[in-house]
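The values are calculated or read from the model by the stated rules, or taken from the named source; none is laboratory data. A quick note: this is a predicted structure, and the numbers were derived from the prediction, not measured. Don't worry about glycine lacking a Cβ; one is built from the backbone with ideal geometry, like all the others, and counts go over all protein chains shown.
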Amino acid sequence: MRILVRDTAAPAMLIYATDHFVLPLPSGHRFPMAKYARLRERVAAIAPDRMREPPAATDAELVRAHDPAYVAAVATGSLDERAMRRIGFPWSPAMVERSRRSTGATIAACRSALEYGYGVNLAGGTHHAHRDFGEGFCVFNDAAVAARAMQVEGLAVRVLIVDLDVHQGDGTAAIVGDDPTIHTLSIHGRNNFPFRKQSSRQDVELDDGTGDEAYLATLRAALPLAMKAGRPDLAIYLAGADPYVGDRLGRLALSKEGLVSRDAYVLDALRAAGVPVAIAMAGGYAEDLEDVVDIHFATVRLALNGWSTAHRARLSPCSPTTPSSSPTRARSPG
């Protein structure tokens, strides 16, 4: 049963699901498509009134981050076989629609964040998509597209992309390049895909086997620097589940508890600075799919709890408005 609602009148952080836009895959394909429906079911059980169906990203939104010829080729199915192998999915109209919806969900999550403090895309994090090609199960780069959308709409001037997927956000780094208004922080495995890294504004490489303590120490050093350098009006957080010790493609060794601590630190630090946060799920390839769902669900639950805390602070007649209870206004770059 579909619980998604198209009415956006509720004064609360919104959560966008796209799992019913199914990506047809051949039997045995290693992409964990089933995680999205399972995650949506678990989130809907605790926050049914927050669930929404996102609009599809338009061509006008996509070409702010992607080459128009690439967008057209994806839409019409005219990418050659090599380009499709690089993406890792077979082409179909359903693949195009899902890719548009997943990108649209991050755009919508950004709008929710700027209105209510938080917004969530239960998919997204497609950070390997470059300006003119897709790669690594990524067709369109949702974070780059969403950041540019918020800037064009005048909702944010400076955007921070916090990419904690285990793989470097090479496509994001390549797309935003030297744009001083979008600061990219990527904490990733040194020896993992992609093997030809791009230059983010701030790259932190981790050795194989890095565990909770070392990871969290690295994060606590890196994120404040990113916030200081980026001075963001909005953050887009890619909360990858693939640093997990049981991930087939991760090569790091974080526990589920360590990943909860990671998420809590990121969300608390940004909330304390008054920075709205849009969250995308990014990767997760554990042998047991429920491990991936557990990790993503914990991220969403933390955001829900954070929104509730901030919302109660706003409503309390005894509590002054704090930076964590209201989004910052856009500042001019410089």
Exactly one of Glu135, Glu153 is over 20 Å from Ala75 (Cβ atoms), at pLDDT 95 or above and of a type outside the set (Gly, Ala, Ser), and that one is Glu153
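When you check Ala214 against the structure, is it more than 24 Å from Ala105 (Cβ to Cβ), surrounded by fewer than 23 Cβ atoms within 10 Å (Cβ to Cβ) and in contact (Cβ under 8 Å) with a residue 24 or more places away in the chain, yes or no? So that I can check it myself, show each step before the final result.
Numbers: more than 24 Å from Ala105 (Cβ to Cβ): yes; surrounded by fewer than 23 Cβ atoms within 10 Å (Cβ to Cβ): yes; in contact (Cβ under 8 Å) with a residue 24 or more places away in the chain: no.
So Ala214 fails the test.
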Taking segment 118-174 and the residues there that are touching a residue at least 60 places away in the same chain (Cβ under 8 Å), aliphatic (A, V, I, L, M) and assigned to a helix (DSSP H, G or I), the one that is nearest to Met281 (Cα to Cα) would be Ala143
Only one of (1) at pLDDT below 95; (2) at positive phi does not apply to Pro90, and that is (2)
Cβ pairs under 9 Å, 6+ apart or interchain, first in segment 244-267 and surrounded by fewer than 21 Cβ atoms within 10 Å (Cβ to Cβ), second modelled with pLDDT under 95 and in a helix (DSSP H, G or I), ordered by first then second residue, are Ala264/Gly306
Checked pairs for segment 38-57, first more than 17 Å from His296 (Cα to Cα), second among the hydroxyl-bearing types (Ser, Thr, Tyr) and surrounded by fewer than 20 Cβ atoms within 10 Å (Cβ to Cβ), C-beta under 7 Å and 6 or more apart or across chains, list as Arg52/Thr8
Conditions (1) part of a loop (DSSP other than H, G, I, E, B); (2) more than 14 Å from Asp19 (Cα to Cα); (3) of a type outside the set (Ser, Thr, Tyr) -> Pro54 fails only (2)
Per the filter on segment 195-240, residues touching a strand residue (DSSP E or B) at 6+ places or on another chain (Cβ under 8 Å), at pLDDT below 95 and of a type in the set (Gly, Ala, Ser) are Ser200
Residues of segment 152-176 being surrounded by fewer than 22 Cβ atoms within 10 Å (Cβ to Cβ) and within 30 Å of Asp212 (Cα to Cα), in sequence order, are Ala174
Exercise for the section: Could you tell me whether segment 111-134 includes any residue that is among the aromatic types (Phe, Trp, Tyr) and under 30 Å from Ala217 (Cβ atoms)? Expected result: yes
When segment 97-138 is checked residue by residue, the ones that are in contact with a Cys (Cβ under 6 Å, 6 or more places away or on another chain) and either surrounded by fewer than 24 Cβ atoms within 10 Å (Cβ to Cβ) or among the aliphatic types (A, V, I, L, M) (or both) are Ala129
When every residue in segment 177-200 that is of a type in the set (Val, Ile, Thr) and without any contact (Cβ under 8 Å) to a residue 60 or more places away in the chain is compared, the one surrounded by the most Cβ atoms within 10 Å (Cβ to Cβ) is Thr184
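List the strands (runs of 3 or more DSSP E) that sit entirely inside segment 175-276 and contain at least 1 residues that are of a type in the set (S, T, N, Q).
Numbers: elements: 182-189, 202-206, 234-238.
Qualifying strands (runs of 3 or more DSSP E): 182-189, 202-206.
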Restricting segment 174-194 to residues that are polar (S, T, N, Q) and at pLDDT below 95, the one farthest from Ile161 (Cα to Cα) turns out to be Asn191
